[in-house]
Amino acid sequence: MDKRKIFYRIGAAFLALILFAGLVPTECITAAENITHGTADTVITEDMLSNEPPADYVINEAVQGKAKDKEYNRYFLEEDLQVVRLTIDENNLNYVLQNAIDEPYVMAESVTIGDVTLGYVGFKTKGSYTLEHAYTDNPGSDRFSFTIHFGKYIKKADYGKKQDFFGCNKISFNNFFFDKTMMKEFFALKLMDEMGLPTPRYGLAKLYINDEYYGVYAMIEAMDESILEQYYGVDDDELSSYLVKPEGTSFLYDSLADNMAPLWENDEGTKEDVSDMLPTVIEWVEKLNCLHEGKDFQGNTIDVNSDEYLELLGQIYDVEEVVKYFATHSWLCQMDNMFDGNKNFGLYIDKDGKAIILPWDYDLSFGCYYPSTAEATANFDVDVMWRNGLWGTTFSPESFYKDFPLFYVIFQNDSLMEKYYGYMKQCSQIAALGGTVNGKSYEPGYFHSYIEAMQEEIIAAASEKLADNVYYMNHINQPGDVKKGLPNLSKIIAMRAVGVCMQIEGVDTTVSGAGCNLETLGNAIAGESVRRGNITIVDAKTGIFASAVYAGSNRQSPQLTVKLVDEVDTSYQKIIDTIGCDAKDLTLYSMKNKANPAGEYTLTIPVPQAGIDAGKTYSIYVCSADGNAKQAEVETDGNLYTIQTDDIRYIAVVEGGINMDTPLAAVAVILGAGALLAVGVAVILWKKKVLKSKFFSD
């Protein structure tokens with residue numbers, strides 16, 4: 001049991017003993033025994049707070065800015081952990097902690113993010129399910145999720161302008177209640193970002209409050225107009241007021257007609273903020289439902305695969321953005337969403353009545369809400385974004401999505417679903433397989449490389465001593481859990497990448513989840529892996545995957561291990577001598593499988609995308625330890641090189657070919673081809689002459 005929990009229980013027992021002895025007045029004990037959070041011995045009330053900033057406070061102009069300039073992005077670190085220090089009056093802090101469930105705002109004296117300090121910011125707890133259970137199930141730990149609001153107390157009316165952080169208004173610090181790896185949401189948002197979606201800035205941070213260490217947090221820009229200012233590259237006055245996180249509606253018009261409160265987050269303050277846009281929003285809902293029913297905006301039936309349908313959809317949606325959002329969301333297997341809870345997304349509708357969807361709350365990505373095991377997540381149906389089959393209830397996508405107009409208007413159009421599948425393949429390329437997406441080149445194992453680069457620092461930060469009033473919640477034990485979880489996070493990313501591609505390409509195979517325990521990621525379970533049938537095994541670091549048929553007689557499930565063979569290895573030297581290439585051109589892999597297939601492998605190797613961009617080609621050799629090497633026939637798809645082989649012990653990838661971007665190289669190829677052609681013709685004529693002479697002589 002955690003030491004803090006033991007101390008908490010001992011303290012409670014001691015308190016009860018004192019009460020029994022009659023040594024302390026009953027009214028004091030009644031107050032104290034209700035205090036399960038904070039560092040104060042007494043209940044802090046509102047009249048004890050310090051929430052008035054000094055009248056002579058001067059805003060630091062050097063820290064003010066416009067979000068579209070993206071200046072604050074550099075404080076959300078992608079390959080390091082930011083350091084955030086909050087200084088706050090002890091009464092204010094304890095009021096927040098004691099009343100965490102109510103999310104009250106108080107004023108903090110200052111916050112320092114990296115090398116920048118701002119004074120008199122707002123500070124509160126945040127969350128819904130996680131906040132409730134952090135508060136009720138974790139007495140003695142104050143490691144809540146928090147929000148810092150830079151302009152909460154420094155208003156334009158009093159100080160000439162509202163305070164911000166280079167144009168960013170709020171930053172959230174999430175406590176990893178469901179994430180043992182500390183990086184699930186990081187990679188989910190990174191994938192959204194790399195796909196070109198309007199994504200909150202994201203990173204990791206070490207949070208200190210009054211110089212006490214509260215641990216590692218996810219540092220994420222709050223759902224705010226600053227995200228849109230960056231995405232569109234505009235000032236805030238060019239945006240509409242309607243950016244909300246709807247909850248409790250699927251946007252069917254009939255249900256909203258009875259209760260429109262979800263359109264303003266069931267919050268009267270938000271309703272007031274967006275009131276000028278509500279007529280436009282209600283008209284948008286009506287149009288969305290018309291298209292959902294296969295009708296134009298006048299109620300006439302139209303062909304959902306027609307140009308007219310696409311033109312009308314383009315009037316209410318940024319179609320490319322919305323299709324891309326759903327494709328990326330589906331790839332991430334995050335089921336705590338609009339389809340399974342009517343929540344956890346942002347909706348923006350501009351002044352012209354055109355909408356986009358923004359990603360939000362991805363700490364349960366990679367199957368950690370459902371389907372819960374590695375193999376089920378890797379192979380989860382690309383058409384399904386809800387917990388299908390739970391409690392024995394199964395729906396077809398067609399029947400299920402009819403209740404969700406936001407996606408059904410995409411789903412019922414064939415051309416948009418083709419784009420949807422194409423975007424899902426791009427997600428696989430970015431995360432694990434490599435390739436060129438949106439003009440940017442990605443190397444194989446891209447997300448894995450982030451884990452390798454950051455894991456030591458994350459483990460070190462998770463190992464640091466926490467404040468006495470803090471422990472990692474929800475039975476998370478750090479740094480042990482992050483050490484176990486990060487390798488498995490890398491594996492499930494690669495497995496999902498291959499599983500998506502196999503489905504979209506129509507390959508009837510199951511990506512094995514062997515060797516990947518999703519339980520180590522948080523809120524998931526370990527699962528069994530198949531041993532029979534067409535099975536695909538994946539290596540997380542290289543993105544290499546191999547498909548084969550298994551009879552099911554193996555004691556273990558198929559599982560691929562890939563290692564780079566070092567130049568000093570004797571096998572390396574023998575193979576390079578046999579192939580006759582330079583060491584700089586050779587990459588030699590040693591592979592092992594825990595099971596034996598019934599036939600040969602279909603082996604796919606992602607080669608360097610930088611080489612493909614430079615016009616290079618690659619040869620693949622199947623080799624043995626004694627130096628024998630046989631060149632394999634290769635099929636290529638971008639940077640994916642596929643061969644058929646019954647042996648994967650040693651596979652050599654040799655950089656070859658000529659850069660066709662170089663004029664002299666192109667000439668050399670042409671001249672070389674001409675010379676070969678001439679030799680070939682001469683050989684054929686000679687053979688004909690010999691055969692003719694032999695025939696007549698006989």
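The values are calculated or read from the model by the stated rules, or taken from the named source; none is laboratory data. This structure is a prediction, so every number in the text was calculated from the model and none was measured. Don't worry about glycine lacking a Cβ; one is built from the backbone with ideal geometry, like all the others, and counts go over all protein chains shown.
Among Gly580, Gly615, Gly627, Gly611, which is the only one that is under 34 Å from the mean Cα position of the chain (by Cα) and at positive phi?
On the way: Gly580 fails: under 34 Å from the mean Cα position of the chain (by Cα); Gly627 fails: under 34 Å from the mean Cα position of the chain (by Cα); Gly611 fails: at positive phi.
After ruling out the rest, the residue left standing is Gly615.
Specify the residue that is nearest to Leu406 (Cα to Cα); the eligible residues are those in the stretch 291-311 that are in contact (Cβ under 8 Å) with a residue 12 or more places away in the chain and assigned to a helix (DSSP H, G or I).
Restricting to residues being in contact (Cβ under 8 Å) with a residue 12 or more places away in the chain and assigned to a helix (DSSP H, G or I), the top hit is His292.
Could you check the stretch 226-240 and list, in sequence order, the residues that are within 21 Å of His149 (Cβ to Cβ) and surrounded by fewer than 19 Cβ atoms within 10 Å (Cβ to Cβ)?
Matches in the stretch 226-240: Asp235, Asp236, Asp237, Leu239.
Give me the residue from the stretch 153-171 that is assigned to a loop (DSSP other than H, G, I, E, B) and either under 27 Å from the mean Cα position of the chain (by Cα) or not assigned by TED's automatic domain parsing to the domain that holds Glu71 (or both) and, out of that set, farthest from Thr87 (Cα to Cα).
Checked the stretch 153-171; the qualifying residue farthest from Thr87 (Cα to Cα) is Gly167.
Could you list, ordered by first residue, the pairs with Cβ atoms under 7 Å in which the first is in the stretch 131-152 and in the same structural domain as Gly167 (by TED's automatic domain parsing) and under 28 Å from Gly119 (Cα atoms) and the second is in a loop (DSSP other than H, G, I, E, B) and among the aliphatic types (A, V, I, L, M), at least 6 apart or interchain?
Ser141/Val470; Ser141/Met473; Asp142/Val470; Arg143/Val470; Arg143/Met473; Thr147/Ala222
Tell me, please, whether a residue that is of a type in the set (S, T, N, Q) and modelled with pLDDT of 95 or more can be found in the stretch 280-287.
Within the stretch 280-287, one or more residues are of a type in the set (S, T, N, Q) and modelled with pLDDT of 95 or more.
Within the stretch 315-331, how many residues are in a helix (DSSP H, G or I) and free of Cβ contacts under 8 Å to residues at least 40 places away in the same chain?
Qualifying residue count, the stretch 315-331: 2.
Would you check if Leu77 is among the hydrophobic types (A, V, I, L, M, F, W, C) and under 30 Å from Ile451 (Cβ atoms)?
For Leu77, the condition - among the hydrophobic types (A, V, I, L, M, F, W, C) and under 30 Å from Ile451 (Cβ atoms) - is met.
Can you run down the residue pairs with Cβ atoms below 6 Å, 6 or more apart or on separate chains, where the first is in the stretch 161-183 and within 29 Å of Glu229 (Cβ to Cβ) and the partner is among the hydroxyl-bearing types (Ser, Thr, Tyr) and assigned to a loop (DSSP other than H, G, I, E, B)?
Asn174/Ser145; Asn175/Ser145
Could you tell me which numbered condition Pro487 fails, if it satisfies all but one of (1) of a type outside the set (Val, Ile, Thr); (2) over 30 Å from Asn210 (Cβ atoms); (3) buried (at least 23 other Cβ atoms within 10 Å of the Cβ)?
Here Pro487 meets the rest and fails (3).
Would you mind stating whether Phe173 is touching a Ser or Thr at 6+ places or on another chain (Cβ under 9 Å), over 24 Å from Asn517 (Cα atoms) and of a type in the set (Phe, Trp, Tyr)?
Spelling it out, Phe173 is indeed touching a Ser or Thr at 6+ places or on another chain (Cβ under 9 Å), over 24 Å from Asn517 (Cα atoms) and of a type in the set (Phe, Trp, Tyr).
Would you mind listing the helices (runs of 4 or more DSSP H) fully within the stretch 377-474 where at least 3 residues are of a type outside the set (A, V, I, L, M), closer than 19 Å to Gly506 by Cα and out of contact with any Gly (no Cβ under 9 Å at 6 or more places or on another chain)?
Output list reads 414-428.
Yes/no matrix, rows are residues, columns are (1) small (Gly, Ala, Ser); (2) out of contact with any helix residue (DSSP H, G or I) (no Cβ under 7 Å at 6 or more places or on another chain); (3) modelled with pLDDT under 95:
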{"position": "Tyr231", "(1), (2), (3)": "no, yes, no"}
{"position": "Val234", "(1), (2), (3)": "no, no, no"}
{"position": "Asp237", "(1), (2), (3)": "no, yes, no"}
{"position": "Tyr242", "(1), (2), (3)": "no, no, no"}
{"position": "Lys245", "(1), (2), (3)": "no, yes, no"}
{"position": "Tyr253", "(1), (2), (3)": "no, no, yes"}
{"position": "Lys271", "(1), (2), (3)": "no, no, no"}
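May I ask you to list the residues in the stretch 266-293 that are under 28 Å from Ser399 (Cα atoms), surrounded by 16 or more Cβ atoms within 10 Å (Cβ to Cβ) and not charged (D, E, K, R)?
Val281, Trp284, Val285, Leu288, Asn289, Cys290, Leu291, His292
Go through the stretch 615-633 residue by residue and tally those that are exposed (fewer than 15 other Cβ atoms within 10 Å of the Cβ) and under 26 Å from Tyr442 (Cβ atoms). Give the derivation first.
To start, the set of residues in the stretch 615-633 that are exposed (fewer than 15 other Cβ atoms within 10 Å of the Cβ) comprises 615, 625-626, 628, 630-631, 633.
This time we only want the ones that are under 26 Å from Tyr442 (Cβ atoms), so: 615.
So the answer is 1.
Go through (1) over 28 Å from the mean Cα position of the chain (by Cα); (2) modelled with pLDDT of 95 or more one by one and return the number of the condition Ser145 breaks.
It is condition (1) that Ser145 fails.
Asn342 fails exactly one of the following numbered conditions: (1) within 19 Å of His292 (Cα to Cα); (2) part of a helix (DSSP H, G or I); (3) out of contact with any strand residue (DSSP E or B) (no Cβ under 7 Å at 6 or more places or on another chain). What is the number of that condition?
That leaves (2) as the condition not met.
Could you please find all residues in the stretch 94-110 being among the aliphatic types (A, V, I, L, M), over 8 Å from Phe123 (Cβ atoms) and touching a Leu at 6+ places or on another chain (Cβ under 9 Å)?
Of everything in the stretch 94-110, those that are among the aliphatic types (A, V, I, L, M), over 8 Å from Phe123 (Cβ atoms) and touching a Leu at 6+ places or on another chain (Cβ under 9 Å) turn out to be Ala100, Ile101.
Within 20 Å of Phe173 (Cβ to Cβ) and surrounded by 19 or more Cβ atoms within 10 Å (Cβ to Cβ): which single residue out of Leu263, Leu204 fits that description? Can you show your working first?
Details: Leu263 fails: within 20 Å of Phe173 (Cβ to Cβ).
The conditions single out Leu204.
Among the residues in the stretch 156-174, are any in contact with a Cys (Cβ under 8 Å, 6 or more places away or on another chain), crowded, with 21+ Cβ neighbours inside 10 Å and of a type in the set (A, V, I, L, M, F, W, C)? Before you say what the answer is, go through the steps one by one.
Step one: list which residues in the stretch 156-174 are in contact with a Cys (Cβ under 8 Å, 6 or more places away or on another chain), which gives none.
No, because not a single residue in the stretch 156-174 is in contact with a Cys (Cβ under 8 Å, 6 or more places away or on another chain), crowded, with 21+ Cβ neighbours inside 10 Å and of a type in the set (A, V, I, L, M, F, W, C).
Just to be sure, is Ala548 of a type in the set (Gly, Ala, Ser), touching a Phe, Trp or Tyr at 6+ places or on another chain (Cβ under 6 Å) and under 20 Å from Thr604 (Cα atoms)?
So Ala548 passes the test.
In the set Ile493, Ile504, which member is farther than 29 Å from Asn138 by Cα, touching a His at 6+ places or on another chain (Cβ under 9 Å) and outside the structural domain of Ser553 (by TED's automatic domain parsing)?
Ile493
Does Phe187 qualify as being surrounded by fewer than 24 Cβ atoms within 10 Å (Cβ to Cβ), hydrophobic (A, V, I, L, M, F, W, C) and either in contact with a strand residue (DSSP E or B) (Cβ under 6 Å, 6 or more places away or on another chain) or not in a strand (DSSP E or B) (or both)?
So Phe187 fits the description; yes.
Out of all the residues in the stretch 77-90, which are more than 18 Å from Ala222 (Cβ to Cβ) and either under 28 Å from the mean Cα position of the chain (by Cα) or surrounded by 15 or more Cβ atoms within 10 Å (Cβ to Cβ) (or both)? If you could, list the steps in order and put the result at the bottom.
So in the stretch 77-90, the residues more than 18 Å from Ala222 (Cβ to Cβ) come out as 78-81, 83, 85, 87-90.
Selection gives Glu78, Glu79, Asp80, Leu81, Val83, Arg85, Thr87, Ile88, Asp89.
For the stretch 592-606, give me each residue that is crowded, with 18+ Cβ neighbours inside 10 Å and either in contact with an Asp or Glu (Cβ under 8 Å, 6 or more places away or on another chain) or not assigned by TED's automatic domain parsing to the domain that holds Asn534 (or both).
Tyr601
Out of all the residues in the stretch 520-545, which are on the phi > 0 side of the Ramachandran plot and either within 21 Å of the chain's Cα centre (by Cα) or buried (at least 24 other Cβ atoms within 10 Å of the Cβ) (or both)?
If we filter the stretch 520-545 for residues that are on the phi > 0 side of the Ramachandran plot, which is where we start, we get 522-523, 533, 543.
Matches in the stretch 520-545: Gly522, Asn523, Gly543.
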